[in-house]
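Quick notes on the structure that follows.
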Amino acid sequence: MTHIDPEALVASLRRLQKDRAATGIVHHLERIVQVVDRLFGYSGAGLMFAEEDRTLRYLFATDERGRSLERAQAVTGQGPCVAAYAGDTAVTTADVRSDRRWPALRELLHPEVRGVAGVPIRLGGVPVGTLNVYQDAPHEWQESDTQALHAYAHVIEQVLVASMEADEKAVLADQLQYALDYRVVIERAIGYLMGKHDLTASQAFTGLRKQARDSRRKVSELAAELLGEQGQRNVANPDHVV
């Protein structure tokens, strides 16, 4: 059972409500997700947003295991976070790998993604995304867990509303779309490296991140360059198959 310290929860919420990071809305949202992960000792946390066609795509995940959870749900269109978004309610599962509600997820998940909980994020009373956490072992979620997640989801909602009320709607939309788009580029680059070098997703991402760090570049920039080189090779040799 996760222990929720009420005093730590209140103090954390107050800091996040007052501190809208100067680095931008997207970075502030990422910080909120990281705080949720650290404060309660979950194995990982993530944030998903819906596009215009109501398809959920992940915006942040604190680690590769969490990335596999959010990526699998984006690919299959099913899972606890998708259900939380579609039903506009908190959804939990003690063990997502054995949960019969979402049979397509198991083959795509990291083996250490087990207990999962997700709550909706709303704008104007309408769900626009989800805040999600997972545990690396089967886990019986308590009401205190979902209450805490709802509290942080509300902080995220306040950040989004404040941005829109400050006539920054276009900036907010652009920032969120950019964050979503460059993660698509990273995912494609990971897939390319997995196929070319027979790597797992975790190995491919770790290698990509290390190369970016060593060359003091952003992972998204390196991924885009890698995909650009791949495309040039395919144009030069139309029969080439990666």
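What does the charge count near residue 37 come to, summing +1 for each Lys or Arg and -1 for each Asp or Glu among other residues with Cβ under 14 Å from its Cβ?
-2
Using modelled amide H (1.01 Å from N, peptide plane; none on Pro or chain starts), what sits under 5 Å from the amide H of residue 123, excluding residues fewer than 5 places away?
Under 5 Å from the amide H of residue 123 lie the amide H atoms of 128, each far enough along the sequence or on another chain.
Provide the per residue accessible area, probe 1.4 Å, for the stretch 71-149, rounded to a whole number of square angstrom.
The answer is 43 Å² per residue.
Give the calculated FRET efficiency between residue 100 and residue 54 to the nearest 0.05, with a Förster radius of 30 Å applied to their Cβ-Cβ distance.
Rounded to the nearest 0.05, the efficiency is 0.80.
The values are calculated or read from the model by the stated rules, or taken from the named source; none is laboratory data. Predicted, not measured: the structure shown is a model, and the values here were computed from it. Because the Cβ atoms are built from the backbone with ideal geometry, glycine has one as well, and the counts that use them run over all protein chains shown. Calculation scope for accessible area: heavy atoms of the full protein, side chains included, ligands and nucleic acids excluded. Shrake-Rupley method; radii C 1.70, N 1.55, O 1.52, S 1.80 Å.
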